Each structure stands twice: as structure tokens, then as C-alpha cells.
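The values are calculated or read from the model by the stated rules, or taken from the named source; none is laboratory data. Since we're looking at a predicted model, the values are computed, not measured. All Cβ positions, glycine included, derive from the backbone under ideal geometry; neighbour counts span all protein chains shown.
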Amino acid sequence: MTVLVARNLVKTFGALRACDGVSLDLHRGEIHAVIGPNGAGKSTLIAQLCGSLAPDSGTVSLLGEDVTGLPVAARARRGLARTFQVSALAMEDTVLANAMLGSLGAQGRPWRFFWPVMRDRALREAAEQALERVGLADHAATRTADLSHGQRRQLEVAIALTMAPKAFVMDEPMAGLGAEGSKTLTGFLDTLRAEAPILLVEHDMDAVFALADRISVLVAGKIIATGTTTEIRANAEVRRAYLGEEA
Amino acid sequence: MPPALIAEQILNGLQFGVMLFLMAAGLTLIFGVMGLINLAHGSLYMVGAFAAAAVAGATGSFLLALIAAMTAAALAGALMEMVVIRRLYARDHLDQVLATFALILVFSEGTRWLFGSFPLHLDIPAALKGPVTLPGGIEYPRYRLALIGIGLTVAGGLGLLITRTRLGIRIRAGENDREMIAALGVDISRLYTIVFALGAGLAGLAGALVGAIQSVQVGMGEPVLILAFVVIVIGGIGSIRGALVGAILVGLTDTLGGIFLPEFFRLFLDPATAANLGASLASMAIYILMAAVLIRRPTGLFGARA
Amino acid sequence: MRGMLVGAMLLAGLVAFPIWAQAADEPFLITLATRAVILALAAVGLNLALGQGGLVSLGHAAFFGIGGYAMGILASHAQSYAPLMEWPFVIEGTRSMPVIWLVAVLASALAALGIGALSLRTTGVYFIMITLAFGQMLYYFAISWTAYGGEDGLSIYVRNGFPGLNTLVPIEFYGLCLVILLVVLAFHAALIRSPFGLALNAARQSPERVRTVGIDTRRLQLAAFVLSGAITGLAGALFADLNRFVSPSMLSWQMSGEIMIFVILGGAGRLFGPVAGAIMFVALEHLLGGVSDYWHVFLGILLLLVVLFVRGGVIGLLAGARR
């Protein structure tokens, strides 16, 4: 079954066609990696999938529903969880508070003005579980600004987990993690695909080839190839356009 | 309503609009280039008016008064920029609002301390006194017509400055990419001071020109400042063309609203109620215009898309 | 923790000072303290939008003034025995504070809903300018609205009543205002810890994050803006009752700026920040205003120094970094 579908997305900025007729889908149980050189339009693609940028034309659908016109929050409530390339976190708040934000959103009930949020057991347990899973349980009380770069990436993933989403969109989760961190996260994402499929935009080729069921290659706003890791490795056009090799 | 009266009101609106443009142009330039919101821009308007009144009082020359107004405001602006404003570029808008609000307090009370609380008088120069007869037999004050001319000339000059000169190229580069022009070896801090002083000089000129038809007093700048904000919101922040269009829209709406709304309500209400309701609504007309623009285009008519 | 200590000391002072003033037979000082408490309430309102929500509203005088006019209009109709409205149903004026407060809160909340819904279409510097402009719109409206005094404002002869109290006695009116301030502070403290508070705070720091977990940040901020306007409106009703006078100056942009100064002088986002700021402002106004007619120069310089060099306001200075 297909969870997330993009059809013929086009987005131009002035003369630049940042996204030039991109179609792509994400099936249940898979990790679908999107790779491409810098400036290929990966961020523009993610922004359109998640709703922070409206496409000039084309559609996005989630679990069979056309969500093209819906804003970010509405897509998230329908089960789309995103992690950011540059961490977007409430830096002054604790790690636990950030994680609870995810479960708060997932339950769709921020409209309670009196009961202390920290005493809401359901919210708190969901958050603590997610922190445990990414290995941040010991840092629950730490101020988020005091986390290391790698820990912030882990927290990004934890927030996404608390939402119990139908699909993940991850924007370079490995960036800046270091070899050890990448390996741990790779192992974790490997088990995560059973819960919900992952659209993985990543520069770390080791991780991509270790994890991906399918890979799409985005070059200059167009997907030039989609296939299994073996197919992509063997694809002459990809090697020429992206890996910079002579054919 | 006789057509002559309508024509006169349109000219009044235009005159009001071009004076607002002088204020709004500086504000929008400063925001566009430095990303700064400057509440103290109204103080520079006031400085211009007081300098003009003082110099006109001492020399009797209106031309000297105008030069003094621009010079004093530009100097005050440059000083303001070098002492306080440049510490605010990296701060958030809240800090900028507060610090420039503090500057208003200092400038206003400082001026009151120097000149006292009584309004000063700035006379229209003899050569521009009295009415002039326009085509169609419309009598219109010569001075106000001159204001329209000066305002449009400055607008044109500013357009040329931005599009044709080296300074203009740097200003536009600064709007697009600050690091880039620093990398190109332009002295960014001097550029900022110049832009700020330029905006201040325009505000000072407006203060002096308007000071001759209204009174020169402490606190005269802030109502104009807030109108200039409305102009910028309508026109789009950072756009000189937007500032011109916005200023003329606001000028016309305000002036014509004050005349036509009471007339309009008189069609179906008794005169006293109509006058009251008309006046109340007219006082809100430009804000309603602003709200309408916002609903259609949240970043203004000529603003960059968010 | 030290923030709470500073807060507790402030509250102790707010209780002790008027008792001392009463004993020393200084009714003027009680009135001064009442002024500080009411202005603190207005600032607590703004702090909800500004400190928690990150909404730099430079138009909060609008709500302060609406609260003031709610008092002025209801009380002046009660004074002249002329109903506000006779058709389709009769609405009489009133001298009862609870009724006036309710009207003030509802009217300013409604205004905040309208102004907020429009202003929140934008962010950043646009938001600042637009809130300022809407404040100015109401200011000019009040000036041109001659039915309720226009530029001259509205006076009422006798302060409105509260069941069981003689509000004409300075200390009794003070006590009433202080209790309201405490109740609102308690509300604010609860709000900060609530799910809504968590989401609002996060939306200030990283709106994209909050949207990404499925929460509509604009609705969140609009709710904060409405609550904020309602609190400031309540303060406006009390302020007008304190002075037995309401005029367009309550709606002026200077008033908006001053309410913002209270918040910043004390420390934005901190529970007791606005209270400390308002007390400081009133004390400075009283002390420096006595020394020099031009005390605003000193206020301006002080504010400039605080903004440029003291992050986190007075409470920040006393209590250390936030949280």
C-alpha cells in the first residue's frame, strides 16, 4: 500500500525551476531514500511534501487523501512526521518538554489552560518512551540548548516518534553525527521502517545504501532514476550525472 | 459638490501623500537595507522642523531654513546611528522598538528642554504665499502646490539615486545580501550611516515643509511616523515604489474620506448623525484600507513574498 | 528559584507598603501604589502575548482604552439615568464594578480577536507596525466620537461600587485591585505550565516545529492575544475607575509604549517581570518627576541602557538567567 504520493510537483522561484515535475511514492514498510547533489531541489521537495511550500502545480496525497492544499499542521495531524535538517527545537525548554510537544500535537489537544502539562501521564509516558528509544532518556531534564549537535538530531527523531505517525520524512538525519552516531542511528532507522515508512533525504551514502529499499536520484529538480540500490549503482545516467564518473 | 472643490481635495490628498512619502521612503530604505525598525524617525522629522523654525527666525530665509532642516536632521540621524542604532542591527525587532522608543523620549524631552513647550512658528516664504489659479479656474494655495512639486521631484531623484548611482547599487546590493557586499570590500558600516543619514535628511525636509502649514511642536513627528508605517505596510516593506504608491493612496483616502463620508451618510441620515458617523469613519478610513490590503496581500502591494 | 524569591518579596512589599502608608496617613501614596498595581495588571496582560507568545504588540493601549471606555460609558449612562440602548432591548448603564469588568473583558477580548486575526496574518516587523496602526485607529476614533466626550474624555463623579466594599476609601480599592492582580498572576502561572503554555512557548521559539507536530500556531497565538487583550482591558477599567476619568490618551501609542516598557524593564516572559517593571516605572515617575519636569529624558536613557546592556530586565538582573 502506498502511504505518501507526490505527482508532477512543479515549483519555480523566478527563473529557477527548483522542482520540475517530480513524482514519487512511499510504500508501507520501506525506506525510500532521495539523494542528489546540493541544489538539486531536495529541500524544496520536502517543503512541498510537508506543506510549508505550496507547489505551483502537482499534487501530494497522504493515505489516499489529497493534502495538496493543507497546511503543515493539518498534514501532521493526518500522520506525517518530519525531522529538520537544521534542528528546529524549543531551545530554552527541556528535552522532555520538546518531546512532549510531539505527543501533545499527536493527541491534538493543546487547548487546555490549567492542568499542569507535566502531570499528564499519557503525554509524559509517550515522550519518555520516545526519548528512551533514541537514547536520550538520561537527558530528559537537560535544557535543549545544552545538547550536543548529535543529541539534537536524536531529539528531532524522538519528537517524530511521539507522534506515532503514518509516515516519516527525514531531512538529513545523519548530518554532523560522526561515524559512531551514524551507525547507531542507521541501526535504529532500520527497525523503524516496520512501524512507518521513511522518506529519507540523506547525503551519507553508506547509510543510504545500507538502509534504502529504493533510491530516487534528484538532479536539477528532476528525478532521473528510481530503483533498488543495485539498480541505482548500475545506472549509467546516475553515475554520469551524480557521481561524476565517465560513462 | 462642485468639481473645483473635489479637485482641490484631490490636490490636498496628493500633497499630504507626497509628504508622507518623504517619511516613508527613509523608513523603508532603512528597513530594507539594515533590517531595522526605527520609531525615532518621527523625532528626525521634528528636528528638521525645529531647525528650520530656528534658522528662519534668525535669518528670515526659507531656503536656508530648508537646508538647515535637512542638515540638522541628517547629522542627528548620523549621530543616532553611530551611537545607538548600529548596536541594534543584530538584535531582534523588540529590542529595536524599545531602544528607538527610548530615543523618542530623549529627543522629545530634550527638544522641550531647549525650545520650551510652546509651538514655534515657521512662516511660508513670501514668494509662495497666496493662491494660484490652475487650469479650469481652480484657486489653490501656491505653497501646497510647491510641496507637491518638491515631493515628486524628491521621489524622482530618489528613484534615480537608487537605480543609476554607485551608492544606489550598493544600497540595492545591501538589500539583497549583506555578507556579499561586505565581501566585495564595501565599507558596510559607512554605507549604513549614509543610508540612515539620507533617510533622516528626507524626514527633516518633510518636517520643515509641513511645519510651515502646521505648527512646529514637540510630538509632531509620531502621528506622521505611524501614518508612514501604514504607508509601508500597504506598499510593502523595503520598496520605494511601494512607499510612493502607498503614500499617495493613504493621502487621498484620508483627505477624501474626511470630505465624502459625511456627505455620503447625509444621503440617508440626519445631518448631525451623518457628520458624527462620517467623521468617525473617516478617522478610521486609512486603517480600514490597510486591513483590506492585508487581507489580500499580507506583505503589501509591492512587498517581496514572505 | 531566585525568581520566585524576588516575586515573593515584591508581593510582600505590595501588601506592606500601603499598610504602612495607611498608618502614616499618606493616602496619596496608597493611590500611587494602586496606580502601580493596575499598570502591573495591564503589563501582565501584555506579557502573555509578548513574553510567552513572542508577539510584539505595540497596540495594547487599544485594549487598555477599551476597558477604560467600557467603564466610562456604562458609568456615565448610570449617572445620567439614560439607557445606552432602547431598541431592540433596553440596556441600562451600571455602577457595579463586576458588571463593568465583565463588559470590559468581553469588549477588549472581542477587539483583540479582530485585531489579532488581521495582524497575525503577518509576522515580525509588519506585526509591530500593524498593531501600532490599529491602536492609533481606535485613538482617532475616540477623538472623533463626540457622543462620549471626544478629545476631552469622560468624567464620572463617583467611583463605581463593589458589593461589601467602600471603594472610595483608598486602601479598600487598593486591596480590591491587588486581589485581582494576584488572581490574574495565578492564572498566568497556571497557563505557563499548561499544555497550552508549553505549545505557546515552543511556538515563540520555533514555530515551524510546533506546526510540524500538528498544532496550528496562528490559532495558538490568536488565543494568547485575546487572553492578553482581555487582561489589559480589565486593567483599563480599573485604571479609569481609579482616575474617575477616561480619555483618548488611554488609547495613545505612548500608552502602548509604556505598557511595553513595564514588561521589558521588569523582564519579559517572567511571571513577576511586569509587576517589577510597573512598580519601578511609577516610583521613577514619582521620584524623578518631582526633581525635574523633563524626567522622560532620564527614563529614555535608563530604558536605552537596559535594552542595550541588561538582557532580561530587573528580575533577570536579580534572579539570574531565565529558568
Exercise. If we scan the range A:136-155, do we find a residue that is closer than 25 Å to A:Glu172 by Cβ and within 7 Å of chain C (Cβ to nearest Cβ)?
Worked result: no
Exercise. Any idea how many residues of the range B:92-133 are among the small types (Gly, Ala, Ser), surrounded by fewer than 16 Cβ atoms within 10 Å (Cβ to Cβ) and free of Cβ contacts under 8 Å to residues at least 60 places away in the same chain?
Worked result: 4
Exercise. Can you tell which of C:Gly197, C:Gly269 is within 18 Å of the chain's Cα centre (by Cα) and within 14 Å of chain A (Cβ to nearest Cβ)?
Worked result: C:Gly269
Problem set entry | Subset of the range A:95-134 [in contact with a Phe, Trp or Tyr (Cβ under 9 Å, 6 or more places away or on another chain), of a type in the set (D, E, K, R) and at pLDDT below 90] | A:Arg112
Exercise. Are any residues in the range B:52-69 crowded, with 23+ Cβ neighbours inside 10 Å and within 17 Å of the chain's Cα centre (by Cα), and if so, which ones?
Worked result: B:Ala52, B:Ala69
For this session: Could you tell me whether any residue of the range A:223-230 is out of contact with any Cys (no Cβ under 7 Å at 6 or more places or on another chain), closer than 30 Å to A:Leu89 by Cβ and not assigned by TED's automatic domain parsing to the domain that holds A:Met100?
Result: no
Exercise. Given the conditions (1) more than 23 Å from B:Gly42 (Cβ to Cβ); (2) touching a helix residue (DSSP H, G or I) at 6+ places or on another chain (Cβ under 7 Å); (3) assigned to a helix (DSSP H, G or I), and given that B:Leu160 satisfies all but one, which numbered condition is not satisfied?
Worked result: (2)
Exercise. Any residue at all in the range C:282-295 that is under 17 Å from the mean Cα position of the chain (by Cα) and either part of a helix (DSSP H, G or I) or not charged (D, E, K, R) (or both)?
Worked result: yes
For this session: From C:Ala142, C:Ala49, C:Ala61, C:Ala104, grab the single residue that is surrounded by 18 or more Cβ atoms within 10 Å (Cβ to Cβ), in contact with an Asp or Glu (Cβ under 9 Å, 6 or more places away or on another chain), more than 10 Å from every other protein chain (Cβ to nearest Cβ) and within 29 Å of B:Leu94 (Cβ to Cβ).
Result: C:Ala61
Seminar exercise, completed: Just one listed residue, out of A:Leu185, A:Leu123, is under 24 Å from A:Val72 (Cβ atoms) and without any contact (Cβ under 8 Å) to a residue 40 or more places away in the chain, and it is A:Leu123
Problem set entry | Subset tally (residues that are in contact with a Phe, Trp or Tyr (Cβ under 8 Å, 6 or more places away or on another chain) and surrounded by fewer than 20 Cβ atoms within 10 Å (Cβ to Cβ)) for the range B:253-274 | 2
Exercise. Is it the case that the range B:237-249 has a residue that's within 11 Å of chain C (Cβ to nearest Cβ), farther than 20 Å from C:Leu118 by Cα and at pLDDT below 90?
Worked result: yes
For this session: Can you confirm whether the range C:73-92 contains a residue that is among the small types (Gly, Ala, Ser) and touching a His at 6+ places or on another chain (Cβ under 7 Å)?
Result: no
Exercise. How about the range C:175-245: which helices (runs of 4 or more DSSP H) wholly inside it have at least 3 residues that are farther than 16 Å from A:Val117 by Cα and among the polar types (S, T, N, Q)?
Worked result: C:217-243
Exercise. Here are some conditions: (1) within 19 Å of the chain's Cα centre (by Cα); (2) assigned to a helix (DSSP H, G or I); (3) within 11 Å of chain B (Cβ to nearest Cβ). C:Phe298 meets all but one. Which one does it not meet?
Worked result: (1)
For this session: Among the residues of the range A:38-74, write down those that are within 14 Å of chain C (Cβ to nearest Cβ), without any contact (Cβ under 8 Å) to a residue 40 or more places away in the chain and touching a strand residue (DSSP E or B) at 6+ places or on another chain (Cβ under 7 Å).
Result: A:Val67
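Listed here are the residues, each with its yes/no results for (1) more than 14 Å from chain B (Cβ to nearest Cβ); (2) in contact (Cβ under 8 Å) with a residue 12 or more places away in the chain; (3) surrounded by 16 or more Cβ atoms within 10 Å (Cβ to Cβ); (4) of a type in the set (Gly, Ala, Ser).
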{"position": "C:Tyr69", "(1), (2), (3), (4)": "no, yes, yes, no"}
{"position": "C:Ser80", "(1), (2), (3), (4)": "yes, yes, no, yes"}
{"position": "C:Val90", "(1), (2), (3), (4)": "yes, no, no, no"}
{"position": "C:Pro98", "(1), (2), (3), (4)": "yes, yes, no, no"}
{"position": "C:Leu118", "(1), (2), (3), (4)": "no, yes, yes, no"}
{"position": "C:Gln136", "(1), (2), (3), (4)": "no, yes, yes, no"}
{"position": "C:Ala147", "(1), (2), (3), (4)": "no, no, no, yes"}
{"position": "C:Glu151", "(1), (2), (3), (4)": "no, yes, no, no"}
{"position": "C:Ile156", "(1), (2), (3), (4)": "yes, yes, yes, no"}
Exercise. For the range B:162-179, does any single residue satisfy the condition of being among the basic types (Lys, Arg), touching a Leu at 6+ places or on another chain (Cβ under 7 Å) and within 24 Å of B:Leu22 (Cα to Cα)?
Worked result: yes
For this session: Identify all residues within the range A:75-87 that are surrounded by 22 or more Cβ atoms within 10 Å (Cβ to Cβ) and within 7 Å of chain C (Cβ to nearest Cβ); write none if there are none.
Result: A:Ala76, A:Arg82
Exercise. Can you name the number of the only condition in (1) buried (at least 21 other Cβ atoms within 10 Å of the Cβ); (2) away from every other protein chain (no Cβ under 12 Å) that C:Gly313 fails?
Worked result: (2)
